[in-house]
Every structure is written in C-alpha cells, then in structure tokens.
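Structure first, commentary second.
The values are calculated or read from the model by the stated rules, or taken from the named source; none is laboratory data. Keep in mind the model is a prediction, meaning the values are calculated, not measured. Reconstructed Cβ throughout: ideal geometry from the backbone, glycine too, with neighbour counts over all protein chains shown. Only protein heavy atoms, including side chains, enter the accessible area calculation; ligands, DNA and RNA are left aside. Shrake-Rupley method; radii C 1.70, N 1.55, O 1.52, S 1.80 Å.
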Amino acid sequence: MRFRAKIVDLACLNHFSRVVNTVARLAKTCTLRLTADKLYFILSDKVANGGVSVWCELCQGNFFDEFQMEGVAAEHNEIYLELVPENLSRALKTAQNAKTVKIKLTNKHCPCLTVAVELPSLSSSSRIVTHDIPVGVIPRRLWNDFREPGVPDFDVSIYLPVLKTMKSVVERMKNLSNCIVIEANLSGEMNLKIETDLVSVTTHFKDLGNPPWASDDECQSSAQGRDLESMAEARIDIKKLLQLLAGQQVNPTKALCNIVSRRIVHFILLHEDVSLQYFIPALA
Amino acid sequence: MKCVIGGGHLRVFGRAIHAIARISDEFWFDPVEKGLALRSVNSSRSACAYIFFSSMFFQHYCWTAGSKSCQREKQLPLPCKLIIKSVLPVFRCVNMLERNVEKCNIYTNINDRHITFQLICKHGIVKTHNLTFQECDPLQAVFAKHMCPNVLKLQSRLLTDIMIHFPMSQEEVTLAVTPMKVCFKSYTEEDTDFSKAMHTEIQLNPDEFDYFQVGVDSEVTFCLKELRGLLAFSEATSTPVSIHFDRSGKPIAFSIEDMVLEASFILATLSDIENETASEQPPRFSQGQDSKSEKTSVDRDSNSEAIASRKPQWNGNSQNTELVAPRSPLAKQEIKIIPKISNKDTTGTEGTTITETDDYTMLEARPTHFDYHKSKLLHTGIGFCTWCITCVVSYLYKYCIFQFHSLFFGAVSFKEKDAINHILHSLATASDTEEDSVNMQRSQVL
C-alpha cells in the first residue's frame, strides 16, 4: 500500500483546505477513500453519528500535481483510511503560503498520513514543517460499509436559498429550539419552522426553483402525481443542519435538498470539482 | 510610587500583563529606583517571569521623592502582590486600550494598602480601579544566562511563525539543536495514546537566526503555553528574542531586551533519564540523589548571597540554576527560586515534593523584614479585613457604577485628585442615605 501526492499551486491548496475544513465541521472521525483518480471523505450512517452520513467526492486531478497510489491489491486498487479530519485541517491551515505540500502514507509508530509543508524562508533553504497524522487502515472486509448512498426516493427536490442567509436564520433559531422543520413544495417555496411552548417562528423562502431530475420511473411516479402546493416536511436536529451550513466558506455552484417526508433530508452541494452529500434523518 | 504610562506604551504594558497572566494567578508589582518590575512564578515553580520597565518607559516615574504623602511617611515603597484577575480587566482589550486611552496613572498608597490604576480616556472619561494588595517580597529565579552553552537569537516574528504551527492545545514542545540544524517538535507524554496524537515538527536552518551558537547538542522540552504570552509581548515590542539553554533538565530562558525594557521568562525543562547517566556535567551541578549534601551547601551559599541584595540576580550570581532530577522523566523540574528557608533544605532539594504550605513560607524572605510585616499585619488585622472589603466594594463600585454616579453627582473629573475626592465623597454619601432611611423607619414604628 503506497500513497504519495503533491500540491504545488496555492489556489488548489486553498481549495483543498476549504474542502477539508468543511468535512472537519461535519464529522469528528471519517473515512478517507483513495482511488486512482478520486478522493472520498465518507461518514457512514451509524447510530453513533446520530444517523447522519456524509459523502464528499473530489477529483484528484483538480488539486494534486502528482498523485501516486497503490492499493491493497491489484484488483482492489483502493485505500481506505480512518482519520480525524480536524487534524488534516489543522495541518493545512498554516500552509497557506507554502511552496509545496506533500502528503504521503507512512508508517512511523503507527500508520500515519504525513503532511510535509515547504515554506519560504529568509535563508537559502526552506523551512520544512512536518505533520504526522495518525490514521487507521480499514481492512477490505469492511469496505462494504462505505458504499455510496443512493439518492433516496424523495417527495420534493428544491434548490436551497443563499446559504449565508439560511445559516443566519438557523443560527438564531438554534437558541430557541433543538429541532427544526424543513418543508418545501414543488413551486419553489421553502419554510423553516421551529415550535416551542412559548413561541413558534417560521421563515419563508420563495422562488427558489426546483431542480429537474433525470426521469426515472420510480421518481417520476412520486413526483409527477404530486400536488405542486403540498409541502413535504421533515423534522431534523437543528445542530446537524447548522454544522452543514456553518462549514460553508464559499458559496457552492449548486445547492439543493431532497426531502423524503418524515424520513430523511438529503443535501447536495456542488462546487466546480467537489460534490458533497449530507443526509440528515428525520426525528420521530 | 507613582508612574504615568503614555498612550503608545500602554499596548506594551497591557501585553506584559497578559504575558504574566499565562504564568500564574498572582504577580508581584515591584517598584525599584530604576524602574518598575513585574514578577510572577507559577504554582509548580516551573516557570518564572520577570519584566522590567525602566523609568524611561514612563512619561513620569516617581519612586519615593516628589510626592508629599511619601515624604511625610518616609517609607520605602514595598513590593506588593496582586491578583492577576483584578488587574487583567484593566488591560483586557489591548487594541481598544491603544485607541481610547490617552494615558494611565499608576500609584500606590501604602497606608491604605491599595494600588490605583487610573485610565484617562478620550472624551473626558476617567476610569479608576483601586485594588488591594498584599505586601510581600517577591521570589526571584537564580539563573546565569551567560553560562549557557547554547544561545539562539531570532526575530519575534519568526518565533511566532514557528509556534503557530502547533495547535493551541499543544502543551509541550521540544527544541532540538545541533550545529547544523534546529528543530522544534511537539512533545507527547509517554502514556498518551500515540495512535491518536498528531505530531508536528519544524526544521529550520541556522541561517534564519540572528545569532546562532550551539555549544552542546541538546533536546530540551518546555511548556509552550507559558511561552505564548511572551511571544505576544515580544511582537508588541518588535524586539528580537534570545534563547539561552543547556542540556535537558536545565532551564531555558527566553528573554528580550530593549532600551527601555527587559523581560525574561525562565521555564523548566523535562529531564531525560537516559541522558543523565551519560552526562558529563561537573559534580557540583550533578542531578540525582547522591549529591544532596553538595546541593545543600550550594543552596545556603546562594541564599546568603541572594538575601544580601534584593536586586535581580541575572548577572550577579555566578551559579547555574540547580535542578533536581526526579525518578520519573515526566516530572517537571523546579527552577531554583530564592529565598528559601535554610532549614527546609533536606526536603526542599527534592524540588517536586515541596507542598503548598512550604510555598508560602518561601515567600517571606529576610527574617527581620518578615517580622515587621507580620506584626503590622496582625495589628491591623481586623482593620485590614474591613478595608479589604471596602476596597473590593469600592473597586466594584467604581468599575461597574462609575458612569452612573457621575450622572447623579455631576462631576466627571479630568484630574486625578478630584476623582479620588469625588469617589470618597460618593462612598460617604451612599452610607449616609442608608442610615437616614433606617432612622426614618424607626421613627415611623415608634
């Protein structure tokens, strides 16, 4: 098992750091899956995570200048590592004006992801900062736990409002209640509601637009026969929603959510070369 | 003692207080003829801070003469101990200080046992803080910088850039030097789970340092948290930082020196058991249980020397700092702090076993002085307590309610004298009104 990668371009480094920061806000521990041409940050929906799951996919070619990977075996040319994304985020944070950043899989006292940052310095030779991030290698028999989640059979799919606005609304609501209700319909309307004994607050968003999904027989039957005005709603943990919104530093190219009434809410955020999917289960 | 700090230097003074706050909860305010010294020692005696502002740092500095009350009393201003928590709010937001405060007056009133910090701000606002203090002699570390074989000098900006790579939660850092390279790395204790901890290492070229002298290859581990205060302080003063150190186990000193100020943070370093057995140190400073007798004689010598003079011991004392090697390599070592009570040597040399009560006895230095203090304290014991309460109340009063009062009593004073009179007057008025109301109630009942 071998892995070596190098980032030389500052913009790519910046972008990669931002992705890692977002993942770090969503999960304490997650799985990093490396294939020949993609990286995945995966959090599977175990009870320990509160049922949320994350699937973040990046094309390595858009970030890394050099990328060499040798998987566990020839026919399974992939590496699955368990790591704390916060550590990786911290290692990249102070590398923002680096000459190069090299990431490689090493085995020091335990398997580590070593991030070696070469920083410019006043003297002739550069300053080298090395971070050793301990990782766990996930054996092949457990790889099935980390398959890509399918798009659920949703009732409504709608584009999200400007994330910054949504974040400030949800932040204020967090102080009043622990759960929030997201409801949306196929006319581009979305409401965020909280309700407590003392107060209920609703924020209405209009003209959001509904994304067209490639027609699939199952999807169509549930979506087409649907009344345009009727709302699909799900009550979710407000903190989980805020984790997603707070982690966004740059506005995504596309942001939408699919709601399965009273079951699950599925968020999809797309940047040019990164896709992030976040599933929040509905509360009883 | 009275001194005035001008606007520009307030930021530096504020950062000095913050730096000292990282070491301990209390610090000594020690005015001497040449300037004002701030000292602090942490509870485990593994870190010692000393910041000295010369009289040129202040717009106005008066140690004894000049003030009428001082002359009348014919008293030398004594060093006093303050609680950091009381002083820190005065200098809390350093950036705001710079923008809003024109100058800061600090003066002590020995009779009343309080120190007054008065911030003269823009728009005619005067904030006065009266804080009580305890009189006691400060502890000083004995450390001969010029005896250290390894000396590094670097710009404060560079040192901050290095330390920024370590997370804020990183407690300890190791500095490893050879004549060819310098390396700062994070240190994890042996019993921590290695598979969880992230390890960071920074390699530097000797070229990056203003001055680089490595007499002996060494790896010293010290507490980063305690150092961070000095980093911020040195950035405020933009002076280069000098690092003096020796082998592991011996303390490391970070110091900065300017025309008007000087600061030294001495931190204990972890001793490495493996290195000890192979060490080539002269027996005088050898670590371990066998040299106890030698150590006690050394202690007594230094005590007598130290007791003779109150001045800082940086250059005067020719002895290196004594450190004791505990059995476990993980234990932090105590920096030798003087003055020590000599009859405590037998237990005291095992640095790590000194208990709380011993700490307090260590604070009282010269026997004669101690007696004087003690009697005075007993005498005014009750008086002191009530005064303490009044001072605390008055501190709260002024800090929280000053603006409110100024609205009612109409006077917002620019001058310090008026402000004090005004405040005393307002206290008196308050108690009067209470009495009146009580009387009135009584008369009604009757």
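Side notes on the structure shown:
- Flag for A:A27 being touching a helix residue (DSSP H, G or I) at 6+ places or on another chain (Cβ under 9 Å) and at pLDDT 90 or above: no
- Within segment B:170-217, strands (runs of 3 or more DSSP E) holding 2 or more residues that are within 11 Å of chain A (Cβ to nearest Cβ) and touching a Leu at 6+ places or on another chain (Cβ under 8 Å): B:182-187
- Against the list (1) more than 21 Å from A:H109 (Cα to Cα); (2) hydroxyl-bearing (S, T, Y); (3) buried (at least 18 other Cβ atoms within 10 Å of the Cβ), the condition B:T178 fails is (3).
- Across segment A:216-249, the qualifying residues are those that are open to solvent by 90 Å² or more (accessible area, probe 1.4 Å) and under 18 Å from A:K193 (Cα atoms), and the one among them that is modelled with the lowest pLDDT is A:E229.
- Taking segment B:222-273 as the range and being touching a Lys or Arg at 6+ places or on another chain (Cβ under 9 Å) and on the phi > 0 side of the Ramachandran plot as the test, only B:S238 passes.
- Among all residues of segment A:71-81, there is none that is β-branched (V, I, T), open to solvent by 30 Å² or more (accessible area, probe 1.4 Å) and within 11 Å of chain B (Cβ to nearest Cβ).
- A count restricted to segment B:234-270 and to residues that are at pLDDT below 90 and of a type in the set (F, W, Y) stands at 0.
- For segment A:125-139, taking the residues that are among the polar types (S, T, N, Q) and facing chain B (nearest Cβ under 7 Å), the one that is farthest from the chain's Cα centre (by Cα) is identified as A:S125.
- Test: residue in segment A:96-107 that is at the interface with chain B (Cβ under 10 Å from one of its Cβ atoms), more than 20 Å from B:D193 (Cβ to Cβ) and surrounded by fewer than 20 Cβ atoms within 10 Å (Cβ to Cβ): no
- Scan of segment A:16-38 for residues that are farther than 24 Å from A:L241 by Cβ and open to solvent by 30 Å² or more (accessible area, probe 1.4 Å), ordered by number: A:R33, A:A36, A:D37, A:K38
- Of all residues in segment A:115-124, those satisfying the criterion of being more than 9 Å from chain B (Cβ to nearest Cβ) and either closer than 24 Å to A:N77 by Cβ or modelled with pLDDT under 90 (or both) are A:V115, A:P120.
- Being of a type outside the set (A, V, I, L, M), part of a helix (DSSP H, G or I), open to solvent by less than 10 Å² (accessible area, probe 1.4 Å) and touching a Ser or Thr at 6+ places or on another chain (Cβ under 8 Å) is a condition met by no residue of segment B:249-264.
- Filtered residues of segment B:132-155 (kept if open to solvent by less than 30 Å² (accessible area, probe 1.4 Å) and either among the aromatic types (F, W, Y) or more than 17 Å from the chain's Cα centre (by Cα) (or both)): B:F133, B:F143, B:A144, B:C148, B:N150, B:V151, B:L152, B:L154
- Looking only at residues in segment B:222-237 that are of a type outside the set (A, V, I, L, M) and open to solvent by less than 10 Å² (accessible area, probe 1.4 Å), the one that is farthest from B:S43 (Cα to Cα) is B:S234.
- Residues of segment B:156-169 that turn out to be open to solvent by 70 Å² or more (accessible area, probe 1.4 Å) and either more than 9 Å from chain A (Cβ to nearest Cβ) or touching a strand residue (DSSP E or B) at 6+ places or on another chain (Cβ under 6 Å) (or both), as a count: 3
Every residue, every condition in (1) within 17 Å of A:V170 (Cα to Cα); (2) assigned to a helix (DSSP H, G or I); (3) under 13 Å from the mean Cα position of the chain (by Cα), yes or no:
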position	(1), (2), (3)
A:D227	no, no, no
A:S230	no, no, no
A:R235	yes, no, no
A:K239	yes, yes, no
A:Q248	yes, no, yes
A:A255	yes, no, yes
A:R262	no, no, no
A:S275	no, no, yes
A:I280	yes, no, yes
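- Any hit, segment A:141-151, residues being loosely packed, with under 15 Cβ neighbours inside 10 Å and in a strand (DSSP E or B): no
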